[in-house]
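Novice: Take a look at the following structure, please.
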Amino acid sequence: MTDTTSDTPANPAADRARASELSAVGRFLKATELDTRMLGMVGALLIIWIGLHVISSLRLGVNPLDFDSRTFLTPRNLWNLSVQTSAVAIMASGMVLVIVMRNIDLSVGSAEGLIGMVMGFAQVHFLVRMVGLELGNPWIWVLALLIGLALGLLIGAFQGFVIAYLEVPAFIVTLGGLLVWRGAAWWVTSGQTVAPLDATFQLMGGGPAGSIGARWSWIVGAVACFAVVFALFNGRVQRKRFRFPLRPIWAETLLGAVTCAVIMGAVWLANSYPWPVGIVNRYAAANNITVPQGGLFIAHGIAVPVLMAIAVGLVMTFITKRTRFGRYVFAIGGNPEAANLAGINTRWITMKVFMIMGVLATMAAAISSARQNSSTNALGTLDELLVIAAAVIGGTSLAGGSGTVLGAMLGALLMQSLQSGMVLLGVDSPLQSIVVGAVLVIAVWLDTIYRKRV
C-alpha cells in the first residue's frame with residue numbers, strides 16, 4: 001500500500017498559524033487586533049524601566065518598593081524623561097516617512113542646531129536691536145518661531161529638490177547637510193551662545209511655568225479618553241457600514257478601558273511631581289498665599305513640549321493613515337517603479353517629505369533651545385542618530401514600505417529611557433554610546449528576523 005501521508009508537502013508556516021489560532025493568546029490577539037511588534041516594544045520598555053529602577057535602588061541601598069526620589073521610577077524622573085523625549089519623538093515621526101520612502105536624513109541634528117541658533121539670534125539681537133521691538137513684546141517669540149519654520153521649510157525643500165529632481169542619493173545630500181548646517185550654525189554668531197531667550201518662548205521647554213497644571217491636565221486626560229471612546233465607536237460604525245469584520249464587544253471594551261487607564265495614569269503621574277520648594281515660596285509670596293506648615297504642593301501637570309509631541313504624533317498619524325499623500329508615501333516605499341508607473345508624482349512627494357522633516361526639526365529646535373534658555377552651537381549634536389535609531393527600533397524598515405509614527409515615538413522613549421537611566425547610574429559617556437549603538441544593531445537584526453518569518 002502507498003503511504004498517502006507522505007504525498008502531502010509539509011508547511012511549517014501554516015501549521016504555526018493554525019496552532020496560533022487555536023491557542024488562547026492567538027485568539028486574544030486576533031480578537032483585539034493588537035500589533036505583536038508594538039506589544040513587544042512596550043514589554044521591552046517596561047523591562048528596561050523596571051531593570052533601571054531595581055539597579056538604581058540597589059546602587060543607593062534602598063528598597064525598590066520605596067520609590068526613593070533618586071531612583072528611576074519616580075514622578076520627577078519620569079516627568080523629566082517625557083520632556084527629554086519630546087524633541088527626538090517629534091523628529092522621529094517625520095523620519096518614519098523619510099525611511100519608508102527608502103531615503104535617510106543625516107542632517108536633522110545639524111538643521112536643528114542651525115534653526116535653533118537663528119531663532120535665538122532673532123529673539124536676542126535681530127528683533128530687538130535691529131527691528132526695534134521692546135523686550136517682552138508678545139510678537140518676539142511668534143516672529144522668531146515663524147522665521148525658524150520658514151528656514152526649516154527652506155532647508156527641507158532644498159535637500160528634497162536635490163534628492164528628487166537632481167537625483168543625488170539622499171545619504172550623500174544629507175551627509176553634506178550635516179556638515180554644512182553645523183558650520184552655518186557656528187557662523188551665525190561665531191560660535192557664541194545666545195541667551196536669555198524670550199520668556200514666552202521658554203514655555204515650550206517645560207519647567208514649572210511651561211506646564212499646564214493639575215486641573216488642565218485632568219481636563220486634557222478626560223478629553224483624550226472621550227476621543228478614544230469616540231474613535232472606537234466610530235470605527236465600529238464604519239466597519240458595519242462597509243461590512244468589515246467586527247471586533248468582539250469585550251475586545252472593544254478592553255481596548256478602551258486599558259487605553260483610558262494608561263492616559264489617566266500618565267496624568268496622575270504628571271500631577272504627582274510638585275514644583276521645587278524655592279519656586280513655590282516665591283510664587284506664594286508674589287500672590288500673597290500663606291504657605292502651610294508642611295509646605296505648599298503645586299503640581300507641574302503635563303509639560304507643554306509633551307503636548308506638542310502628542311499633537312505632532314496625532315497629526316502625523318492622520319497624515320500617514322488617512323490622506324492620499326500618506327498612501328503615496330508608503331506606495332513609493334513599497335515599489336518606487338510601480339508607483340511611478342501608476343501616475344504618482346514621486347519627485348514632488350519626496351520633496352514634500354523632506355519639507356515636513358524640516359518643519360519638524362524647527363519644532364524640535366524650539367523645544368531644545370527653550371528648555372536650555374539658550375541657543376548653543378552644540379544644539380542638536382548627534383540627534384540625527386537618536387532620531388534614526390528611534391524610527392528603526394520603532395519598527396520602520398530600512399528596506400522601505402513599512403513603519404508607524406506611534407512605533408517611532410515609542411522608540412524615542414525607549415532610547416531616551418536608556419540614556420536617562422545610564423546618566424542616573426553614573427555610566428560614563430563612552431559606554432553610553434556603546435550601549436546605544438548596540439541597541440540599534442540588535443533592533444535592525446530583530447527586524448530582519450521578523451521579516452524573514454513573515
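The values are calculated or read from the model by the stated rules, or taken from the named source; none is laboratory data. Small disclaimer: the values here were computed from a predicted structure and weren't measured. Don't worry about glycine lacking a Cβ; one is built from the backbone with ideal geometry, like all the others, and counts go over all protein chains shown. For the accessible areas, the whole protein counts, side chains as well, though only heavy atoms, and no ligand, DNA or RNA atoms are used. Shrake-Rupley method; radii C 1.70, N 1.55, O 1.52, S 1.80 Å.
Novice: Which of the residues that make up segment 286-344 are of a type in the set (D, E, K, R) and within 19 Å of residue 406 (Cα to Cα)? Even if it seems obvious, please write down each step before you answer.
Specialist: Of the residues in segment 286-344, the ones of a type in the set (D, E, K, R) are 321-322, 324, 327, 337.
Within segment 286-344, 321, 322, 327 meet the criteria.
Novice: Somewhere in segment 222-244, is a residue in contact (Cβ under 8 Å) with a residue 40 or more places away in the chain, within 22 Å of residue 85 (Cβ to Cβ) and not charged (D, E, K, R)?
Specialist: So far as segment 222-244 goes, no, none of its residues is in contact (Cβ under 8 Å) with a residue 40 or more places away in the chain, within 22 Å of residue 85 (Cβ to Cβ) and not charged (D, E, K, R).
Novice: Let me ask something else about it. Going through segment 434-454 one residue at a time, which ones are open to solvent by less than 50 Å² (accessible area, probe 1.4 Å), modelled with pLDDT of 80 or more and not small (Gly, Ala, Ser)?
Specialist: Matches in segment 434-454: 435, 436, 439.
Novice: Return the only residue of 367, 388 being of a type in the set (Val, Ile, Thr), at pLDDT 95 or above and either part of a helix (DSSP H, G or I) or in contact with a strand residue (DSSP E or B) (Cβ under 9 Å, 6 or more places away or on another chain) (or both).
Specialist: Residue meeting the stated conditions: 367.
Novice: If I ask for residues that are within 17 Å of residue 111 (Cβ to Cβ) and touching a residue at least 60 places away in the same chain (Cβ under 8 Å), which ones from segment 163-172 would you list?
Specialist: Of everything in segment 163-172, those that are within 17 Å of residue 111 (Cβ to Cβ) and touching a residue at least 60 places away in the same chain (Cβ under 8 Å) turn out to be 163, 170, 171.
Novice: What about residue 54, is it crowded, with 17+ Cβ neighbours inside 10 Å and at pLDDT 85 or above?
Specialist: no
Novice: Going by the structure shown, is residue 341 aliphatic (A, V, I, L, M), in contact (Cβ under 8 Å) with a residue 24 or more places away in the chain, out of contact with any Pro (no Cβ under 8 Å at 6 or more places or on another chain) and open to solvent by 30 Å² or more (accessible area, probe 1.4 Å)?
Specialist: So residue 341 fails the test.
Novice: Here's a follow-up. Return a yes/no flag: does segment 348-357 have any residue that is in contact with a strand residue (DSSP E or B) (Cβ under 7 Å, 6 or more places away or on another chain), open to solvent by less than 50 Å² (accessible area, probe 1.4 Å) and either more than 18 Å from residue 411 (Cα to Cα) or part of a strand (DSSP E or B) (or both).
Specialist: Scanning segment 348-357, I find no residue that is in contact with a strand residue (DSSP E or B) (Cβ under 7 Å, 6 or more places away or on another chain), open to solvent by less than 50 Å² (accessible area, probe 1.4 Å) and either more than 18 Å from residue 411 (Cα to Cα) or part of a strand (DSSP E or B) (or both), so the answer is no.
Novice: Additional query: Of the residues in segment 103-161, how many are open to solvent by less than 50 Å² (accessible area, probe 1.4 Å), of a type in the set (Val, Ile, Thr) and farther than 18 Å from residue 374 by Cα?
Specialist: 3
Novice: Between a first residue in segment 68-91 that is in contact (Cβ under 8 Å) with a residue 12 or more places away in the chain and within 21 Å of residue 393 (Cβ to Cβ) and a second residue that is open to solvent by less than 40 Å² (accessible area, probe 1.4 Å) and not in a helix (DSSP H, G or I), which pairs have beta carbons less than 6 Å apart while being 6 or more apart in sequence or on different chains?
Specialist: 83/206; 83/303
Novice: Across segment 396-433, which residue is farthest from the chain's Cα centre (by Cα) among those that are surrounded by fewer than 19 Cβ atoms within 10 Å (Cβ to Cβ) and of a type in the set (Val, Ile, Thr)?
Specialist: 427
Novice: Further, regarding this structure: Exactly one of these conditions fails for residue 199: (1) over 22 Å from residue 360 (Cβ atoms); (2) small (Gly, Ala, Ser); (3) open to solvent by less than 40 Å² (accessible area, probe 1.4 Å). Give me its number.
Specialist: (3)
Novice: Restricting to segment 287-317, name every residue that is aliphatic (A, V, I, L, M) and open to solvent by 80 Å² or more (accessible area, probe 1.4 Å). Even if it seems obvious, please write down each step before you answer.
Specialist: Step one: filter segment 287-317 for residues aliphatic (A, V, I, L, M), giving 289, 291, 296, 298-299, 302-304, 306-312, 314-316.
310, 314, 315, listed by residue number.
Novice: Read through the list (1) surrounded by 14 or more Cβ atoms within 10 Å (Cβ to Cβ); (2) part of a helix (DSSP H, G or I); (3) of a type in the set (Gly, Ala, Ser), then give the number of the only condition that residue 207 fails.
Specialist: (2)
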